[in-house]
Amino acid sequence: MTDHAPPPLDPARNALFLDFDGTFVDFAPEPDAIVVRPGGRELLKTVARRLGGALALVTGRRIENLDGHLGAVGLPTAGLHGQQSRMAAGEAIELRPTSPQMEEARRRIADAIRPGDPIAVEDKGGALVLHYRRAPGEAPRARAIGARAVAGLADLHAQSGHDIVEVRQRGIGKAEAVRRFSEQPPFAGRIPVFVGDDTTDEDGFRAAAELGGFGVKIGPGETAARYRLADVSALHAWLAASACG
Ligand SMILES: O=P(O)(O)OC[C@H]1O[C@H](O[C@H]2O[C@H](CO)[C@@H](O)[C@H](O)[C@H]2O)[C@H](O)[C@@H](O)[C@@H]1O
């Protein structure tokens, strides 16, 4: 891994896998308070066209939630870190089944976090997120609650991210999402580039490298990505350069 900026995308050869929060949009105090930058939706559509359609969003959000923020962009998307997927706007969303153990984790979290708690709970159905962006001092408690929520539940694990602890299902991740898309047109035969900022994106970086491509990490921190961009603004500038080149 270096701190070098990535080369511009090669429209004839690359496929792009793009994370959302902290990568394409800046963080906000709450999940639905994020703002898509002016021109952001058009930029996505332009880059997707340049790549012959080989641009997928790979996010921890539900696809329905992402659609609410991106409107009619309608790109191929993996949601819930790969538990959901869809190739194009309007197509049915495929959902891999959620372990029944998620219900027990939900009960444990509800026992630990009561209304008014500084830690907020985001229930995404297939995953549960403990948010402490508004109360950074609660990070250790959020990690402890996450660990207790999955204790003894073999199908689940708790993973820390940017001001969150997420209770997720094992065997589902961004690497699988990259591999699945890469088997199908228009992604098949293209060199994958995965761009992301958080712990769950590390799987995506590794999968892209295994398939002959590379990762681009947004922001600081140890990473398996080969390249780095400083922040969301730098990502938008790189996408714009790739779209025009
Ligand atoms: O895979 P991503 O698209 O990066 O999604 C990861 C998580 O993103 C969201 O949380 C993050 O963004 C919030 C809004 O800016 C912020 O408040 C939070 O601190 C961040 O961690 C989303 O709410 C989660 O469900 C996603 O898993």
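Bear in mind that the values in this text are calculations on the coordinates, not laboratory data. Remember, predicted model here, so these are calculated numbers, not experimental data. Here the Cβ positions follow ideal geometry from the backbone for every residue, glycine too, while neighbour counts run over all protein chains shown.
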Completion exercise
For ALA5, the residues 5 or more places away or on another chain with a placed amide H closer than 5 Å to its own amide H are ARG228
Problem - Eligible lysines near LYS217 by straight Cα distance, threshold 20 Å, same-chain separation 8 or greater - result: LYS174
Practice task
Taking amide H positions as placed in the peptide plane 1.01 Å from N, state which residues far from ALA15 in sequence (5 or more) or on other chains have amide H under 5 Å from it.
Solution key: ILE191, VAL193
Practice task
Please give the calculated 222 nm ellipticity per residue for the chain, where each DSSP H segment of at least 4 residues contributes -39500 (n - 2.57) and the sum is spread over every residue; nearest 500 deg cm²/dmol?
Solution key: -9000 deg cm²/dmol
Practice task
Just add up the charged neighbours of TRP238: K/R +1, D/E -1, any other residue whose Cβ is under 15 Å from the Cβ of TRP238.
Solution key: 0
Handout entry: Kirkwood estimate for the chain, i.e. one over the average of 1/r between Cα atoms, Å
Key = 18.3 Å
Problem - Angle between the chain longest axis and helix 101-112 axis [Cα atoms, degrees, rounded to 10] - result: 60 degrees
Fill in the blank from the handout: HN-Hα couplings for region 5-14 via Karplus (6.51, -1.76, 1.60; θ = phi - 60°), in whole Hz with x for Gly/Pro, come out as 6, x, x, x, 4, 9, x, 7, 10, 8
Exercise for the section: Would you mind checking the tilt of helix 139-150 against the longest principal axis of the Cα atoms of the chain, expressed as 0 to 90 degrees and rounded to 10? Expected result: 80 degrees
Exercise for the section: Return HIS4, HIS157, HIS131 ranked ascending by Cβ neighbour count within 10 Å, so the fewest neighbours appear first. Expected result: HIS4, HIS157, HIS131
Fill in the blank from the handout: Phi angles of region 162-178, converted by Karplus (6.51 cos²θ - 1.76 cosθ + 1.60, θ = phi - 60°) into ³J(HN,Hα) in whole Hz with x for Gly and Pro, give 5, 6, 9, 10, 10, 8, 10, 8, 5, x, 10, x, 5, 4, 4, 4, 4
Fill in the blank from the handout: Between the Cα axis of helix 232-244 and the main Cα principal axis of the chain, the angle (0 to 90°, nearest 10) is 30 degrees
Completion exercise
Quick calc of log₁₀ I(q)/I(0), region 101-169, Debye, one scatterer on every Cα, no solvent, q values 0.25, 0.27, 0.29 1/Å, result -1.10, -1.28, -1.47
